[in-house]
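In what follows, a structure is listed as structure tokens, so that the remarks can point back to it.
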Amino acid sequence: MAFLSLSSFYPQFHTPPLLSFPSPTPTISKPTIFNTKSLFLNSNTTTSLKCLPTPLELASHCVEEEEQLLHHVWRKIHGSDDWTGLLDPMNPLLRSEIIRYGEFAQACYDAFDFDPHSKYCGTCKYSGNHFFDRLHMPAAGHGYEISRYLYATSNINLPNFFQKKRLRNVWSTHANWMGYIAFATDPLEIARLGRRDIVIAWRGTVTYLEWIHDLKDILTPVYFGDDPSIKVESGFLDLYTMKEHRCNYCSFSAREQVLADIKRLVERFSGEELSITVTGHSLGAALALLSAYDIAEMGLNIREDGEMIPVTVFSFSGPRVGNLRFKLRCEELGVKVLRVINVHDRVPSVPGIIANEKFQYQRVVEEVMWFPWSYAHVGVELALDHRESPFLKESGDVRCVHNLEAHLHLVDGYQGKGRGFESAGGRDVALVNKSCDFLREELGVPPRWWQDENKGMVRGEDGRWVVPERPRVEAHPPDTAHHLDKVLKGGRPPRLESR
């Protein structure tokens, strides 16, 4: 199924700028059409912009330097020092990795069939063998292989999150595709990264943000460990833990699917340097944090000799997930979280509007007064402002300020607090409008341009147009129950500090 995308004109190649490139700073005072490095502005606008190197120019200068550096410092890039000194000014390698993991999360949107008129609504459009190739992901997906797809039952109280099918003859009446687990396979990529990376990517919502109003805002004990005071929002927990025995895809909960596959991969690559990286946007960011905590609480990142495999979350526009005790437990377990937000986005401010991590007496309110709506963000925040980008227009559409591609655009241009906006990685600005209308009209990029050619219809040999049959994707690897049983029956090994 081919895409009518702008990739032919706007390459998606992304590489961090480790070298400086002197460039002129033109003052625009009359109608001017720049090349793809610049911006088209009308005659009433006077703005100074730096001409940007193209992605290919950046690639030719920077790939060698990145390969020489990343494998030495990847632990710091993944938060071993809580990103101290890396965010202001923005470290180019960190910027590159944030965007790369953001693209893993974006792939969940691009591959999701959200057409309610399709009998495949709620599925992934591509098989695992061709996933990254079909999505044109030369940067993020290079050298990775899909281990399994993740599914969750839609029979929970988050009705505005799941895609509903309007046809009777559908692939499943109970399941929605939620994301995937992948791992690095290419020897050159593993050498570049400095370890074999395991990625868990969670899908957020593809519709309007009504799911926020579905949140029960009720904290419930998570019971992944022995402490009942650790609580998370009940809707997130239901989505992660509930299953549906009438559906083959949901016969294991999303939680069980994750735990079993991480157990299998850690055992498979037991003699290698590993990392576990979890990413997601919006509600997917909540699932990313919850699953990362679960992996660490269950001790799946602890080798037999006690060495810790780093568990890192790159979260985009995520809501609060649990209470203060949940936050403290994540820190005790060594789960590192970098939260990327747009300061004008409301999703990161909920739930917990009254009592949250900004409240001086939250611990007293939560532990002494037993206040039932006390939430706390986990990890380090990277706060961005879309108004600093000269490419974005002012918009009252909350979907624009919440959009993941817009966040990645802001990361690409972020230099540090008060340092202005300058596209450092040459990321294509046209990607912002893949599923929204956020770019300035002068750029000439149509809104919501990412779509299947002919909505997936193909012409058969008889000349008729039909929706092609998709190969049935395996619901679960055959050894899922075996590895899950090992997780649930195995004791937690003793912990040592990560190297």
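Ordered from highest to lowest accessible area with the whole protein assembly present and a 1.4 Å probe, Val445, Val398, Val343 read as Val343, Val398, Val445. Of the whole protein surface, Arg268 contributes about 140 Å² of accessible area at a 1.4 Å probe radius. For the stretch 328-369, trypsin sites (Lys or Arg not before Pro) are listed when DSSP marks them as loop and at most 15 other Cβ atoms sit within 10 Å of their Cβ; the list is Arg346, Lys358.
Pairs exceeding a 18 Å alpha-carbon distance, out of Lys393/Lys455; Lys327/Lys358; Lys243/Lys263; Lys336/Lys417; Lys119/Lys455; Lys327/Lys417: Lys393/Lys455; Lys243/Lys263; Lys336/Lys417; Lys327/Lys417. Sorted largest first by accessible area at a 1.4 angstrom probe radius, with every protein chain in place, the residues Glu331, Glu273 fall in the order Glu331, Glu273. Label-to-label distance, Glu394 versus His117, with points set 7 angstrom from Cα along the beta-carbon direction: 3.8 nm.
Once backbone amide H atoms are built at 1.01 Å from N, Glu357 has His377 as its partners under 5 Å, excluding neighbours fewer than 5 places away on the same chain.
Between Asn129 and Ser229, the C-beta separation translates, for a Förster distance of 41 Å, into a calculated FRET efficiency of about 0.40. So what's the net charge close to Asp485: Lys and Arg +1, Asp and Glu -1, counting the other residues with Cβ under 11 Å from its Cβ? Result for the neighbourhood of Asp485: +1. Entry note, the stretch 229-269: relative contact order of 26 percent, from Cα contacts under 8 Å with a spacing of 6+ residues. For the stretch 340-499, averaging the sequence separation of C-alpha pairs within contact (under 8 Å, six or more residues apart) and dividing by the residue count gives a relative contact order of 15 percent. In this simple spin-label approximation, Gln451 and Trp465 carry label points 7 Å from Cα along the Cα→Cβ vector, and these lie 1.2 nm apart.
The values are calculated or read from the model by the stated rules, or taken from the named source; none is laboratory data. The structure displayed is predicted, hence computed values, not measured ones. For neighbour counting, all protein chains shown are included, and Cβ atoms are generated from backbone atoms with ideal geometry for every residue, glycine included. With ligands, DNA and RNA removed, areas are computed over all heavy atoms of the protein, side chains included. Shrake-Rupley method; radii C 1.70, N 1.55, O 1.52, S 1.80 Å.
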